[in-house]
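Right, one structure below, let's go through it.
The values are calculated or read from the model by the stated rules, or taken from the named source; none is laboratory data. It should be emphasised that the depicted structure is a prediction, and the values quoted were computed from it without experimental measurement. Quick reminder, even Gly has a Cβ in these numbers, built from the backbone with ideal geometry, and neighbours come from all protein chains shown. Just so you know, the surface numbers come from the protein's heavy atoms only, side chains and all, with ligands and any DNA or RNA stripped out. Shrake-Rupley method; radii C 1.70, N 1.55, O 1.52, S 1.80 Å.
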Amino acid sequence: MIPDKPVRRSQADRRAETRAKLLEAARDLFIEIGFAETPTPEIVRRAGVTRGALYHHFADKADLFRVLVEEEAKAVSVHIDRETRDVPDPEQAMIIGSNAFFEAMLVPGRVRLLLEEAPAILGHHDAVALTRANGSEELRDGLTRALPGHSPQHIDALTNLLSAAFDRAALEIAYGGDRVTYTEAMLHLVSDVLDGS
């Protein structure tokens, strides 16, 4: 019997695998010891790839961090969207979306990456822009649907203020705060905003 030929992976598959290994290794290290304390040789060693592979996929460690944080923020956004996309009632969608945010932020290390490391490494403006593109947009859309007739400036302000409250609650939960208490408090806050329209 002739043995099957091994399946040859494409160059694109190998590149994607290398990139994924680098992101996974970097994620673990950034969570364990922080961005500043993570040397690029250790990322490469943990990923089991060459230093050249790192610089083939990313300009530098900061670029690797930015891509990783974008992926984390996108995962939050996708989870919220998946949970709320078929909910026709805007107020119910806001409540479900609020719970979905906290669920998504329970992924180990995500709070540290998005809410602690990102502002410190990327700066406030870039970190806010990143989360606005991947997460806060769902909140803004929900507020726009739930509060028809409000000006875009008012919706933007509410989005920024509620986003800050959600982030603070996620930080508190990550560091031992009672999830039920903070989730209920945020839902109460969201309900007050919607009822005060």
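Extension gain, residue 63-residue 150: 0.36 nm per intervening residue step, less the Cα-Cα distance, totals 27.5 nm.
In the chain, a dipole from Cβ-located charges (positive for Lys and Arg, negative for Asp and Glu) runs towards its positive end, and of 44, 90, 154 it is 44 whose Cα lies farthest in that direction.
Helix 152-174 and the long axis of the chain differ in direction by around 60°, with both axes built from C-alpha atoms.
Roughly how big is the stretch 47-197's charge dipole about its Cα centre, with Cβ charges of +1 (Lys, Arg) and -1 (Asp, Glu), in debye to the nearest 20?
Roughly 460 debye for the stretch 47-197.
Taking the Cα centre of the stretch 1-122 as origin and assigning +1 to Lys and Arg Cβ atoms and -1 to Asp and Glu Cβ atoms, the resulting dipole is close to 860 debye. Annotation: Cα Rg of the stretch 136-197 relative to the compact-globule expectation 2.2 N^0.38 Å equals 1.17.
222 nm [θ] for the chain, helices only, -39500 (n - 2.57) per DSSP H run of 4+, per residue, to 500? Could the numbers behind the result be given before it?
Values: 10 runs with 141 residues, N = 197.
Helix-only estimate at 222 nm: -23000 deg cm²/dmol.
Estimated at 0.36 nm per residue, the fully extended path between residue 157 and residue 172 surpasses their Cα-Cα distance by 3.1 nm. Computed from point charges on the beta carbon alone (+1 for Lys and Arg, -1 for Asp and Glu), the dipole magnitude for the stretch 80-144 about its Cα centre is near 200 Debye.
Label-to-label distance for residue 28 and residue 125 is 3.7 nm, based on points extended 7 Å past Cα in the beta-carbon direction. What a 1.4 Å probe finds exposed on the chain is 54% carbon and sulfur by accessible area, rounded to a whole percent. Listed peptides 112-123, 42-53 appear in the order 112-123, 42-53 once ranked by packing, highest mean of other Cβ atoms within 10 Å at the front. Between 0 and 90 degrees, the angle of helix 179-195 with respect to the longest Cα principal axis of the chain falls at about 50 degrees. Here r is the Cβ-Cβ distance between residue 10 and residue 75 and R0 is 41 Å; the resulting FRET efficiency, rounded to 0.05, is 0.95. Using a simple spin-label model with pseudo-atoms 7 Å out from Cα toward Cβ, residue 165 and residue 106 lie 2.2 nm apart. At full extension, residue 17 and residue 37 could sit 4.7 nm farther apart than now, given 0.36 nm per residue minus the alpha carbon distance. Solvent-accessible surface of the chain, averaged per residue with a 1.4 angstrom probe and all protein chains in place: 57 square angstrom.
Among 89-101, 164-176, the peptide with the highest mean count of other Cβ atoms within 10 Å heads the list, and the full ranking is 89-101, 164-176.
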